[in-house]
1. Which of the residues belonging to the range 48-57 are in a helix (DSSP H, G or I) and open to solvent by less than 70 Å² (accessible area, probe 1.4 Å)?
2. Would you please name the residue that is nearest to residue 72 (Cα to Cα), looking only at residues in the range 87-131 that are assigned to a loop (DSSP other than H, G, I, E, B) and not small (Gly, Ala, Ser)?
3. Of the residues in the range 148-172, how many are modelled with pLDDT of 70 or more, open to solvent by 100 Å² or more (accessible area, probe 1.4 Å) and in a helix (DSSP H, G or I)?
4. Would you confirm, using the coordinates I've provided, whether residue 136 is under 24 Å from residue 161 (Cβ atoms) and open to solvent by less than 10 Å² (accessible area, probe 1.4 Å)?
Amino acid sequence: MITHPFLYFCPPKAKYLLLGSFCARPQVGYDWFYGTKVNQFWSIIESVYNIKLENKEAKQRLFTKLGIAISDVILECDRNAANNSDTSLVNPVFNTKIISNILKKNKISKIYFSSKFAENLFKRNFGELMDKYISLEFIVLPSPSPRNARFCKSVKFSIYRFLLPKCIYYLWNFIL
């Protein structure tokens, strides 16, 4: 069993929660969520917010300004293949306690899913939370994986920019 190395990040007064499925296999330089060399997540976020995110601390500062908590639906699992595909995740132990605590201690209004797969996992395995927090809005982002050939990176950028929360810093940089 592989235990999630990052668990979660939740800034004070978080309003949004971003959920993925499970982290990628360890790689050199991979220090936080979506940090593999091929994953497009952070380059899309940099474009959306017109900011350079060179390290984990910069990413956390941005998510703090935006009020975004981040975690994954799965806490532990095995992989039945030597790749990062969601289809290779087996024997999952779901991240119920951490996600419950984030929802309990914050006024989360929206849950963003990093893929349809993550949303499906959540909806199949977190029914109690969905019943308890019925006002939550669920939003599925296009998967930032380059394997998601359904959308090119520029289309993913446009969708993320439209769906993700705005902030004054973003608006100011967008005007400039």
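The values are calculated or read from the model by the stated rules, or taken from the named source; none is laboratory data. In this text the structure is predicted, and so the values were computed from the model without any measurement. A quick note on method: Cβ atoms are made from the backbone with ideal geometry, for glycine too, and the neighbour counts reach across all protein chains shown. Keep in mind that these areas ignore ligands, DNA and RNA; they rest on the heavy atoms of the full protein, side chains included. Shrake-Rupley method; radii C 1.70, N 1.55, O 1.52, S 1.80 Å.
1. Within the range 48-57, the first condition is being in a helix (DSSP H, G or I), and the residues that meet it are 48-49, 56-57.
Residues satisfying the conditions are 48, 49, 56.
2. 95
3. Residues that pass the stated criteria total 1.
4. Numbers: under 24 Å from residue 161 (Cβ atoms): yes; open to solvent by less than 10 Å² (accessible area, probe 1.4 Å): no.
It is false that residue 136 is under 24 Å from residue 161 (Cβ atoms) and open to solvent by less than 10 Å² (accessible area, probe 1.4 Å).
A quick yes/no check of all residues on (1) open to solvent by less than 90 Å² (accessible area, probe 1.4 Å); (2) within 17 Å of the chain's Cα centre (by Cα); (3) at pLDDT below 95; (4) not charged (D, E, K, R):
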residue	(1), (2), (3), (4)
96	yes, yes, no, yes
122	yes, yes, no, yes
146	yes, yes, yes, yes
174	no, no, yes, yes
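For every residue, the table says whether it meets (1) surrounded by 16 or more Cβ atoms within 10 Å (Cβ to Cβ); (2) in contact with a His (Cβ under 7 Å, 6 or more places away or on another chain); (3) among the polar types (S, T, N, Q); (4) part of a strand (DSSP E or B).
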{"position": "5", "(1), (2), (3), (4)": "no, no, no, no"}
{"position": "14", "(1), (2), (3), (4)": "yes, no, no, no"}
{"position": "34", "(1), (2), (3), (4)": "yes, no, no, no"}
{"position": "39", "(1), (2), (3), (4)": "yes, no, yes, no"}
{"position": "46", "(1), (2), (3), (4)": "yes, no, no, no"}
{"position": "71", "(1), (2), (3), (4)": "yes, no, yes, yes"}
